[in-house]
Amino acid sequence: MADITEVEFIWKNGELVPWAEATTHVLSHSLHYGSGVFEGIRCYKDPDSDKSFVFRLRDHMERLHRSAKIASIEIPYTVDELMEATVETIRANHLPSCYIRPLVYRGYGVMGVDPTGAPTDVIIACWPWDAYLGPDALENGISAGVSSWRQRSINAIPPAVKATAAYFNSLMAKLEAKEHGYGEAIMLNEEGRVCEGTGENLFVVRDGILSTPPLSDGLLEGITRDSVLVVADELDIPCVEESLTRSDLYIADEVFFTGSAAELTPVGSIDGRVIGKPGPITKQLQDRFFQIAYGHDEEYADWLTEI
Ligand code: PY5
């Protein structure tokens with residue numbers, strides 16, 4: 001499911017290097033202390049027009065810069081330069097559709113926790129990546145379980161920073177979910193409110209009303225989450241950002257995850273309580289999301305960067 005398909009080039013510190021040569025020293029600071037920040041982005045090929053578009057590239061690169069600011073890392077490239085580098089990398093690899101992984105990390109040079117003096121390395125990789133949560137996840141949905149691991153506190157690793165370090169927490173929850181036979185974990189925050197998945201935001205539908213936890217509950221400000229909020233408004237689906245409890249999940253009519261990797265993945269059961277097949281609001285939002293990502297709607301042209 002999550003295997004990497006190798007392609008030709010990875011962009012590193014301003015130039016395209018052969019895939020196998022995009023390596024780093026084993027004593028790189030970020031490898032030891034999780035001091036990197038990153039993004040996950042998708043490029044979609046429209047099956048009708050054959051055109052390819054990166055989805056909300058500017059928003060992702062702006063979030064990367066915000067993450068770096070929180071982590072006190074200076075990225076030596078502007079948002080525009082990172083966008084151009086992304087387009088260059090996709091073109092060089094001749095990829096019609098792909099997943100894109102920009103990573104800014106502290107490289108080799110110092111060994112203390114204090115990163116002062118470690119160089120900043122920047123890479124942009126891309127490769128073909130199918131549905132993140134399984135081959136039929138988008139169509140049929142997945143099972144999920146509430147994790148016994150809590151989401152990192154907002155005063156431990158701030159949710160606005162997409163830091164590599166945060167994913168140790170996600171990994172623990174993901175492995176536990178797998179052990180229990182679930183496709184994904186749902187994390188509660190320290191107060192016990194529903195937060196997010198290990199790499200996704202979460203929405204529920206009850207009595208026709210769409211709701212999702214507010215950012216103040218400690219989740220990543222997801223770009224797919226924002227897209228769903230915009231699209232729900234356009235489709236006149238009532239939508240609120242409100243704190244949710246574990247039992248709100250069990251009694252929901254529909255539940256779905258959102259994320260660049262996970263796209264819009266329906267959830268069919270939580271902790272063994274059946275939610276059901278993907279519901280009408282989930283499907284409506286999913287259809288609209290892909291129409292927009294494929295460039296079928298001029299109104300959303302500024303969300304797309306053509307390759
Ligand atoms: N919450 C977490 C913890 C995430 O890691 C992600 C994205 C999201 C929410 C959704 O954010 P967005 O909609 O902006 O993508 N996760 C990455 C992704 O590429 C990494 C997953 C392996 O989807």
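One table, with the values for the structure above:
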| item | result |
| --- | --- |
| Distance cut-off 37 Å, percentage of C-alpha pairs in the chain lying past it | 13 |
| Protection-proxy order for peptides 118-125, 132-139, each taking the mean of Cβ atoms within 10 Å per residue, highest first | 118-125, 132-139 |
| Per residue Cα convex hull volume in Å³ - calculated over the range 99-167 | 150 |
| Where Rh is the Kirkwood radius over Cα pairs, Rg/Rh for the range 1-160 | 0.99 |
| Mean Cα-pair separation over length for the range 128-269, i.e. relative contact order, pairs under 8 Å, 6 or more apart, % | 30 |
| Hydrodynamic radius of the range 99-220 per Kirkwood, over alpha carbon pairs, in Å | 16.6 |
| Stokes-Einstein D (µm²/s) once Rh is taken as the Kirkwood radius of the range 203-260 over alpha-carbon pairs, at 37 °C in 0.692 mPa s | 280 |
| Net charge of neighbours whose Cβ lies under 14 Å from the Cβ of Leu219, counting Lys and Arg as +1 and Asp and Glu as -1 | -3 |
| Within the chain, percent of DSSP bridges classed antiparallel, to nearest 5 | 85 |
| The chain - charge dipole about Cα centre, Lys and Arg +1 at Cβ, Asp and Glu -1, debye rounded to 20 | 940 |
| Kirkwood-type radius of the range 158-248, with distances r between different C-alpha atoms, in Å | 13.9 |
| 5 Å binning of all Cα-Cα separations within the range 50-93, expressed as whole percents from 0 upward | 5, 21, 26, 22, 14, 7, 3, 1, 0 |
| Cα-based convex hull, the range 156-307, per residue volume (Å³, whole number) | 124 |
| Rg ratio (alpha-carbon, reference 2.2 N^0.38 Å) - the range 1-87 | 1.25 |
| Restraint check, Lys69/Lys283; Lys51/Lys174; Lys162/Lys283; Lys69/Lys174, Cα-Cα greater than 32 Å | Lys69/Lys283; Lys51/Lys174 |
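Bear in mind that the values in this text are calculations on the coordinates, not laboratory data. The model shown is predicted, which means the values in this text are computed figures rather than measured ones. Heads up, the Cβs are rebuilt from the backbone with ideal geometry, glycines too, and the neighbour counts pull from every protein chain shown.
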